[in-house]
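What follows is a single structure, written as structure tokens, with notes after it.
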Amino acid sequence: MGNFLRLALRQMDVQLRMRVLSLWSLGLFFTQPAIFSAVGMLLAHAAGNANPDLIYTVIGGGIMGMWSGLVFTSTFDIRADRREGTLELIVGSPTPLRRVVGFRSLLNILAGSTSMLAAVTAAVLIFDYSFAGINVPAVILSFALLLFGLWCMGIFLANLLAWSRLSGTFVDLLEMPIALLCGFMYPISVLPSWMQYISVVFPIRWSLQAMREAMRGTAANAELLSLWGISLGISLVFYLFSHWLDVKVHDHIRVTGELHSI
Amino acid sequence: MPDQKAISTNQMQKTFKTRQGFWRRTTRVTEAVRDVTFEVNKGELFGLLGPNGAGKTTSVKMLSTLLLPTSGTITILGLDILRDTTEVRKRIGFTFGGARGLYGRLTAVENLRYFAELYAMEPALTRKRIPELLELVNLLDRGNDKVETYSSGMQQRLHLARALLHDPELIFLDEPTVGIDPVGARELRATIKELKARGKTILLTTHYMAEADELCDRIAIINKGRIIAMDTPAGMKSGMTSESVINLRTSNENLTALKAILSPIDGKATILCKENTVQSEVSIRTAHPSRVIEVISPWLNTDLIQTMEMRSQTLEDVYVAIIQNEEANG
Amino acid sequence: MIRKLGQFFRLYFFQAWFSYRSLFAWSTPFSYMTSKFGFPFFSMLYFVFIGKFVGFDNPEFIVIGNILLMPSINGLYGISMTIGDERQFGAMSYLLASPAARAPLFLGRAFFHIIDGFITVLVALPIAILFFGLGFSGINLLLLALCLILLSITTTGLGFIMGTISLVSRDGWMFTNTLGQLLFILIGVNIPVDKLPAFLQPISNYLPMTRGILAARQVLDGARWLDVSGLLGGEILVGLVYILIGYTLFRLIERASMTTGSLDSI
Ligand SMILES: Nc1ncnc2c1ncn2[C@@H]1O[C@H](COP(=O)(O)OP(=O)(O)OP(=O)(O)O)[C@@H](O)[C@H]1O
Ligand SMILES: [Mg+2]
């Protein structure tokens, strides 16, 4: 247990200093979401709509930051380790790559939460967002489930990336569509109906929906419960799938020799 | 008694398939290692030599569980690399030549701590080991500097320290002295000898024949994925009988004349001529040096022979001869 | 003279091809296409839906704007990355130490990115026009093509500036990225410039592409040569200023690096 915790802390410490604390992730966590939020606000302004919905337009930007941060750090890590030649050393050690990736993704998610924090702060300080009527415990639980869902997707993507560098392009391609389909900055109902169906496979869509309803304080408990249940269930499926993928990846990279190539 | 062997391979093979091309994807097959069978005893220092692309690194990676062999079996410290992968990993250490494989933005100490954690080392032990190892590789005073500020030789030495962290029984060193200055390389060789004296088994690859000669108990020469010679360094050298090498230098115009003079010893020596821009070098490898001297001595003070140098055969001579012989016979 | 010119062009095209290839060293057509169209396409859709949600009921405006932005993004990222990457791969010192003339070296890097950007928009725009049922009948196609070429060229100045910054700073391309994203707001891609808050509008007017994009939009609405000549002239002028700034900055930094030796240390 002590070993496990120490490994966790060391991994997260190195991850924080090597990858997360950089201007680059600053851009991902804060600049890019701020730009998207600004576009939303300015479009509202241009349309003559003085009070856009802050939960979507501003706080949604925070979710955007968490997601982009996750996609890039979780996948960039593996690529960076491959390039720096350290992936080989990690795989060659007795610690399973799965565990290393898990801890790193955890840190990425936690670091990404600062994006959420910044968005909420901006909503409160700049745009006078009020917490009236908010169902606090439900929001916290929804947010925890959102983090768990993100984490599961993160390790899934990292495994995919360890598998082959070709999937790199695929992952780059993933950032926007998922933001788009899961409705980070607008309700899903804005999408054409065929698009609404695609996002059902992502756990974060459900926890996000739960979180918003809890923020409005309007949803019935039964509805929240079912959203949480779905989110948790799909997250677990992602987790189990990554576990399975991990074994495959470990064999695959040792066949192709892609551990060390750039 | 498989337990006596640190490494034991049987017909180890590795074939890479790579895809290329933008529009039309073609698959290229590289047989990096074709058929390698050898054993290394515990406590032995075994050298793997061979030209670029011979399959040394690929072999080392298979032995250190980083690549799966396409076919053949590998047993490390009595453990099967496929079944007992984790156990093998706990007991081996490895470094690969070059500057990659370290976190540049972290210090040496932080790098070592990071890897110590991957090997599940106790913190107390880690705290004791890190200064010891930095001392061993002569980096103690730079331990708290970021690795990106290191010279490539220093990074190379840090690699060695990293490989030794968890005190492995079996160590793979792929070109450990590449990029290290002569003094540093000498120190590193001393370190390697000390490791051997402490009972470690070491598999080393290198392009420096003198190094292999000095360090290795046994040597295998590998070319195009096959072992083409395996012996002790002394055995290799004497394998070609006790030959000597006589090197002559002459101007390019006189080369033909010199060759004519050497014709009497044709059957008794191997003569290699190399024409450079200004001078030509003639290298005569022979088991009868006195006969050669007899033939050339009348010409020693003439323009035909500018310099002469005689030495006994080195491992490098043997290596070059073996590889050239291979090339000649396809 | 002729030989010298030949040399100049060889250098130019070699540079151009090298720069283009090394950036788009994608292994398959699929990865090329996704990296090229993926982000622009999906972020465009994202903006459309954000717009729809907040009551901005003009998806065409957003779609056309994002398509017109494509060559700019291409020039900005493409060029700044090729210059910035030199540093990563340590090739910059060879390049700077070579006796090659600076101007072709520098301009060469831009060439294929300009072509590539132009082709990109040439593919994307008709699709959008057909999708929204706008039809080509009222459009002066030659004039539109001119606008597009101009947009692909004027953006390169920004690319050079950002690339040069990437040369001196490890996090340079973070700045490039931020700038690239600010373009979503500032140059009339998603939001009409005259609808921006008053303090932002002057910034828009001092940026390249703002006028070009406006001109292209007007041409799509049926404008003729005379209607947009002022905008196009302004675009050329602003673009030239940025290219000049980029080139000067590059030379300055080049000179500074020779004394400090800072270029290749990442
Ligand atoms: N991941 C890989 N994919 C495809 N081919 C590979 C891969 N790794 C090595 N090869 C090929 O396998 C062959 C052997 O390479 P290897 O690296 O083992 O040579 P080496 O003996 O270590 O050479 P050097 O002395 O240059 O280090 C080479 O032809 C190389 O191109
Ligand atoms: Mg090698």
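The values are calculated or read from the model by the stated rules, or taken from the named source; none is laboratory data. None of these values were measured; they are calculated from a predicted model. Here the Cβ positions follow ideal geometry from the backbone for every residue, glycine too, while neighbour counts run over all protein chains shown. Just the protein is used for accessible areas: all its heavy atoms, side chains included, with ligands, DNA and RNA removed. Shrake-Rupley method; radii C 1.70, N 1.55, O 1.52, S 1.80 Å.
Can you say whether B:ILE221 is of a type in the set (Val, Ile, Thr), within 16 Å of ligand 2 (Cβ to nearest atom) and either more than 14 Å from chain A (Cβ to nearest Cβ) or open to solvent by less than 60 Å² (accessible area, probe 1.4 Å) (or both), as far as the supplied structure shows? Answer is yes for this residue. When restricted to residues that are free of Cβ contacts under 8 Å to residues at least 40 places away in the same chain and open to solvent by 60 Å² or more (accessible area, probe 1.4 Å), the range B:238-259 contains 4. Pick from the range B:22-45 the residues that are within 15 Å of ligand 1 (Cβ to nearest atom) and crowded, with 22+ Cβ neighbours inside 10 Å: which of them is farthest from B:GLN11 (Cα to Cα)? Ranking the candidates gives B:ALA32 first. In summary, strands (runs of 3 or more DSSP E) completely within the range B:226-330 and bearing 1 or more residues that are within 20 Å of the chain's Cα centre (by Cα) and among the basic types (Lys, Arg) occur at B:226-231.
For the criterion of being more than 14 Å from ligand 2 (Cβ to nearest atom) and assigned to a loop (DSSP other than H, G, I, E, B), B:GLY43 passes. Filtering B:PRO69, B:PRO51 for residues that are more than 13 Å from chain A (Cβ to nearest Cβ), farther than 19 Å from A:GLN11 by Cβ and either in a loop (DSSP other than H, G, I, E, B) or open to solvent by 40 Å² or more (accessible area, probe 1.4 Å) (or both) leaves a single hit, B:PRO51. State whether the residues of the range B:60-83 include one that is more than 30 Å from B:ASP231 (Cβ to Cβ) and either of a type in the set (S, T, N, Q) or within 16 Å of ligand 2 (Cβ to nearest atom) (or both). Among the residues of the range B:60-83, not one is more than 30 Å from B:ASP231 (Cβ to Cβ) and either of a type in the set (S, T, N, Q) or within 16 Å of ligand 2 (Cβ to nearest atom) (or both), which makes the answer no. When the range A:31-56 is limited to residues that are within 7 Å of chain C (Cβ to nearest Cβ) and assigned to a loop (DSSP other than H, G, I, E, B), the one that is least open to solvent (accessible area, probe 1.4 Å) turns out to be A:PRO52.
Can you spot a residue in the range A:82-105 that is in a helix (DSSP H, G or I) and more than 14 Å from chain B (Cβ to nearest Cβ)? Yes, the range A:82-105 contains a residue that is in a helix (DSSP H, G or I) and more than 14 Å from chain B (Cβ to nearest Cβ). Per the conditions (1) in contact (Cβ under 8 Å) with a residue 12 or more places away in the chain; (2) buried (at least 21 other Cβ atoms within 10 Å of the Cβ), the sole criterion not satisfied by B:GLU117 is (1).
Could we say that B:TYR103 is in a loop (DSSP other than H, G, I, E, B), among the aromatic types (Phe, Trp, Tyr) and facing chain A (nearest Cβ under 9 Å) here? Criteria met by B:TYR103.
Of the set (1) surrounded by fewer than 18 Cβ atoms within 10 Å (Cβ to Cβ); (2) in contact (Cβ under 8 Å) with a residue 40 or more places away in the chain, all apply to C:ASP194 but (2). Taking B:LEU112 as the residue in question, decide whether it is away from ligand 2 (no atom under 16 Å from the Cβ), open to solvent by 10 Å² or more (accessible area, probe 1.4 Å), under 27 Å from the mean Cα position of the chain (by Cα) and among the hydrophobic types (A, V, I, L, M, F, W, C). No: the conditions fail for B:LEU112.
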